[in-house]
Every structure is written in C-alpha cells, then in structure tokens.
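The values are calculated or read from the model by the stated rules, or taken from the named source; none is laboratory data. None of the values given here were measured: they were computed from a predicted structure. All Cβ positions, even for glycine, are placed from backbone atoms using ideal geometry, and neighbour counts span all protein chains on display. Note: areas computed on protein heavy atoms with side chains; ligands, DNA, RNA excluded. Shrake-Rupley method; radii C 1.70, N 1.55, O 1.52, S 1.80 Å.
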Amino acid sequence: MKREELVASRWSLEKAKAYMEPFGVIKGVNFIPSYCYSYIEMWHHFKEEWIIRELGYAKEIGINSLRIFVAACQWETRRELVCQNLDRFLNIASDMGFAIMLTLQPNTYQIPGQTLEEGEDPFQVCYQPSGHDRSWTYKGARIFDCKGLWREDEAGILQFVSEIVARYGQDPRVSFWDLYNEPWEECRDLLEGAFCRAREQNPIQPLSSCWRAWDLSDIITFHCYEQPGKAPHMQENGIHYLPFEDELARATASGRPVLCTECVARTFGNELKAFLPYYSQKHIGFFVWGLCAGSAQYQIPWEWPVGSPEPKRWFQCLLYPDGEPFDVEEIHLIQQFHFTNEDFTPPVSGLR
C-alpha cells in the first residue's frame, strides 16, 4: 500500500468520534503488576490472584482503562504462552469493565548469543536498588534499541503485527491499538509497514501510534512528561521534547479524539494537579504510568543514582503495593476528572 493510500485508509473523523463516545472519559494506567520487573515479565509469570487484586485497586480509585504491552521478541519465542496469558488477562479485565489499549513493542529484542546461567532469572539478573526498570539491560548489553536492531528483522516485526492484529482485531475485549510504542524518526518506514499490515486485517478497533503517526492514526495518542509553563527537560540520551503546551497543540490540531498514553513524572513537575486542568478543557483522556509501585521501581526517576534512597516525591505510580494511595489528593483528582467546555486560564509561571 502506497503512503497516500495508507493515509487515506484511516477512519473518518466522524467514525473515530462515534467509536470513542461510548467509552466516555478515559482515565487509565499503564498496567504492570507490582511483582513484575518490567511489562515483559507479565506474560511469563502470570499471577492471576495478584493481578485481580491490583485491578480491584484500580477500580476503587476511578480507573476505567488499561494500557498493556506485547513485545515482538516474546511473540516470536513464547507465542503460545503469551496468548494463553493475554487471553486470561483480557477475560479478567473486560469482566471488570476496563477498556484495553493493546500496545505493540516492535523494537524489543533478546541479545543474540547470550544465554542465562542455570537457575538464573532473566527478570532479576539486572535488578539494582533504586534502578528504574533495569530489565532492559542484560550482562552489559542493551535489550532495547530503537535506532538499530529493528533493521535486522523488519520482516519478522511486520509478521508479528499481522499475526497479533489478525488474532485480536475482531475481539471486543480489545478497545484500541497502539501499533508501535515510541517509534524513532528513522523508523517511519517500518511504522508505515505496521499500519499497512494492521489495515489489511480490517480490525474493529481504531489504530494509533504516538508522535510519528499523526497522519496515519484513527485516534491521536501522545506521551508527555513535561511540566506546563516550563521549558522541557532533556534526557541523557539527547532527546529533545516539545514544551507541554506545544505537545498539546500538536495532538489536538486534527480535531480527532486524543489520548495521552503516558504521563506523570513528578520530579519533572509533570503532576496530575498541574496537567489535568488542561486535559479537561481540551478533552484529552489519559493513562498514568504505573499503578502500584513494585519490582520495576517506577517510583524512581530514570537517571537516579543507583542505591540512593527513593525521592520523597515519587517519580511515577499512584499506589503502594497494598493499594494505599501515595497521594490521596491525586486520587480525588482522578475520580473527579471530567471534560469541560469552560475556559481555562493557565497559572502564570516565570519558569519558561
């Protein structure tokens, strides 16, 4: 399918709005059970009672949607196990009334030629105290590489997209597709290929991908960890982010339904109390990163010194492992969140 045909194949604005209307206001979390060292582990070590308990916490605090991930490397190597546990999860979550965004992670790979020692747990070998999700590193090598490794198996990635959308594209337990999590600029050709493969399956759900797929997506999704009214931070790897206000302007420009699929970075000033008034006024649903703090240590900032005490103000996550809120005021904000057509005057800030 040519690029022009791919752009033309996305849903009409009217169809996208009509589809989203029954879901109401999306108030979600990126769900990783607290016993997991990363979202990859969820499909390998599926603890049903634990998951049910934590989804119960989510219901209690007003969460109605969940964003979950499936990685290409898992699909290739443990597909039967992934499908078995993903089906179990979809049954549980849909029975509890959650809308599910199924997110694909094409650019996640196992390191070639590296094997675990006998008895070694792949999800614990790289655990370090105060290390935010260190499971991406194994024996000194990066498992996650957006910029290079995907080129080695483009055909495999596109096959992954075809197969998983074919399996779940007519499944009412899945509400939305995020076809490619955070594609880099140089991955645009692969991103287009993923959308093409997904369109061929004619799924009943809308397709989306954050940042690089504004012209391909049925609904618009974006990630934002920036503080309103302040210049954006820059990560160590040199990625430059748009200011908060510019990110929102870009996301809402098409008039399509909009979801912020990753947010909350308290130590950057990206607090619920800071950004929710903007999302309310602009009718943007959201998925907070992290429900219960746990093994992945999402409450720790990305570049936190190893072994240091956790910050007094958590980076991410809403709850302690036992379901107690980290900040009760945040829970009230989530429960009370709604869309409004009233004018919103941003607070004056001298931090830009």
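Here are the numbers for the structure shown:
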{"read-out": "Accessible area of the chain belonging to carbon and sulfur atoms, whole % at 1.4 Å probe", "value": "50"}
{"read-out": "Highest-MSF residue in the chain out of Ile204, Ile40, Ile68 [GNM, Cα springs under 10 Å]", "value": "Ile204"}
{"read-out": "Spin-label model distance (nm) - Arg167 vs Thr77, 7 Å beyond Cα toward Cβ", "value": "1.6"}
{"read-out": "Inter-site label distance for His332 and Lys15 at 7 Å from Cα along Cβ, in nm", "value": "4.4"}
{"read-out": "List Tyr168, Tyr320, Tyr241, ordered by accessible area with a 1.4 Å probe, largest first", "value": "Tyr320, Tyr241, Tyr168"}
{"read-out": "Computed over the stretch 293-352: relative contact order in percent, which uses C-alpha pairs under 8 Å that are six or more apart", "value": "25"}
{"read-out": "Probe 1.4 Å - accessible area at Leu158, Å² to nearest ten", "value": "20"}
{"read-out": "Heavy-atom SASA rank of His223, His45 (probe 1.4 Å, accessible area, largest first)", "value": "His45, His223"}
{"read-out": "Accessible area per residue in Å² at 1.4 Å probe, computed on the stretch 174-246", "value": "35"}
{"read-out": "Read-out percent of Cα pairs over 40 Å apart, derived from the coordinates shown; its label in (1) 7; (2) 12; (3) 41", "value": "(1)"}
{"read-out": "Exposure rank, largest accessible area first [Glu163, Glu186, Glu60; 1.4 Å]", "value": "Glu60, Glu186, Glu163"}
{"read-out": "Label-point separation, Leu6 to Phe339 (7 Å along Cα→Cβ), nm", "value": "2.9"}
{"read-out": "Helix-only CD estimate at 222 nm, as mean residue ellipticity for the chain, using -39500 (n - 2.57) per DSSP H run (n ≥ 4)", "value": "-9500 deg cm²/dmol"}
{"read-out": "Peptides 248-257, 288-297, 327-336, 266-275 ordered by average Cβ neighbours within 10 Å, highest first", "value": "288-297, 266-275, 248-257, 327-336"}
